[in-house]
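K.L.:
What follows is a structure written as structure tokens; I'll ask about it next.
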Amino acid sequence: MREIKLKKFSRKIREIIKEKELNAFYVENLTNKIDWFSTEEFIFVNWEKDLYTKRFTLCHELWHSVFNHQFWDSREEREADNYACSLLIDEKELREKVEEGWTLWDLEKFFWVPEKEILKFAKQIFNDKNLNFIF
């Protein structure tokens, strides 16, 4: 188990973790299907996942802590995904990059967020379910 070095995250994310008195760790030897598990005081992220998934997962789990979720339903999971994206992706910058013709691959490398999460977030921002223009 290794503590997650938060200095690579934005000040806002570091402040939320400090305010909530959370401890975040990478855990090895989890089944590859598990991205995370958490308690009231701890967030554990699967070390074997790629960097983008690990960053996104930490921020997703912050939502559950900040808003004290009560249920494991799809609505709360979508809200947690949106919260994670809003912490990791500047909406104005995403709009600019998409309008400049950046691909999902380019956006993933720029924001350090998984492509599928960027696409879901972009669909909401652009209010467009297709978004073929960013492939």
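No lab work stands behind these numbers, since they all come straight from the coordinates. Computed from a prediction, not measured in an experiment: that's the story for all the values here. Cβ placement follows ideal geometry from the backbone for every residue including glycine, while neighbour counts extend to all protein chains displayed.
K.L.:
Go through K7/K49; K49/K97; K20/K54; K8/K92; K20/K109; K5/K97 and tell me which ones have a Cα-Cα distance over 24 Å in this structure.
P.N.:
On the way: K7/K49 19 Å; K49/K97 26 Å; K20/K54 19 Å; K8/K92 21 Å; K20/K109 29 Å; K5/K97 28 Å.
Exceeds cut-off: K49/K97; K20/K109; K5/K97.
K.L.:
Quick one: which residues, 5 or more positions from F42 or on another chain, have an amide H under 5 Å from its amide H? H modelled 1.01 Å from N in the peptide plane, none for Pro or chain starts.
P.N.:
Close amide H contacts, sequence-distant or interchain: N23.
K.L.:
Additional query: What order do you get for 47-55, 80-88 when each peptide is scored by the mean count of other beta carbon atoms within 10 Å, highest first?
P.N.:
Going from most to least packed, we get 80-88, 47-55.
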